[in-house]
Amino acid sequence: SDGGIFRSSNDGADWEDISSGLQISQFYRISVSQNDPNKILTAAQDNGTNLFSAEDGYVHLLGADGTGAAIDYTNDDILYGSIQGGEWRKSTNGGLSFIDLTGSIPEGGAWVTPLEIHPSDPSILFAGYENVWKYENGEWDPISDFSGSSTLRAMRVSPTNPDVILA
């Protein structure tokens, strides 16, 4: 199970946990710093959001199911992490603290809600809920109208033309 490895010797009447010593995670997303290849942000099922660095090893930053991870490509101290349903958080101090980023979006997100950083302006973000939303100047605005659709599960902003977004 996602809780470990268990063994039964009596057709499932009793179970013995044989997971001791195993260090296993299922990652939904991984983001590697563009400035320091030893700085890696991970989003792990049942194990939240964790930051690996050569100096500190793994540091647990956010709980629940970590479903999203992104590191600003110009500033390693700006981190984005999410839990299920699209509750994105932002840190500007390398993960010491986080603020709610997407609470003003009135739509639900998928279990793993996509978030993309603009390819030439890292202060602009795009998130996929029932619609594609753009974050600019501290505000979220919908930039699509997918009325009646379900939540978006995948999204990619073109690296050469950010006006082109596949969702």
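A few comments on the model shown:
- Surface composition of the stretch 98-167: carbon plus sulfur atoms hold 48% of the accessible area, using a 1.4 angstrom probe and ignoring ligands, DNA and RNA.
- With q set to 0.10, 0.22, 0.23 Å⁻¹, the log10 of I(q)/I(0) for the stretch 17-110, from the Debye formula over equal scatterers at the Cα positions, is -0.26, -1.07, -1.15.
- Most mobile of Glu16, Glu139, Glu130 in a GNM of the chain (Cα contacts under 10 Å): Glu16
- Correct option for Rg/Rh (Cα atoms, Kirkwood Rh) [calculated from the coordinates] among [x] 1.10; [y] 0.98; [z] 1.06: [z]
- Accessible area per residue in Å² at 1.4 Å probe, computed on the stretch 18-155: 51 Å²
- Size of charge dipole - the chain - debye, nearest 20, with Cβ of Lys, Arg +1 and Asp, Glu -1, no other charges: 260 debye
- Computed extension gain for Ala54 through Ser158, at 0.36 nm per residue and net of the alpha carbon distance, reaches 34.3 nm.
- Neighbour net charge for Pro162 - beta-carbon separation under 13 angstrom, K R +1, D E -1: -2
- Share of carbon and sulfur in the accessible heavy-atom surface of the stretch 1-64 [1.4 Å probe, %]: 47 percent
- Among Pro119, Pro37, Pro142, residue whose mean-square fluctuation peaks in a GNM of the chain (springs only between Cα atoms under 10 Å): Pro37
- Which of Ser120, Tyr58, Thr160, positive extreme of dipole for the chain (C-beta unit charges): Thr160
The values are calculated or read from the model by the stated rules, or taken from the named source; none is laboratory data. From a predicted model like this one, the values you see are computed outputs, not experimental measurements. Please note: Cβ atoms are built from the backbone with ideal geometry, for glycine as well, and neighbour counts cover all protein chains shown. Heavy atoms of the whole protein, side chains included, go into the accessibility calculation; ligands, DNA and RNA do not. Shrake-Rupley method; radii C 1.70, N 1.55, O 1.52, S 1.80 Å.
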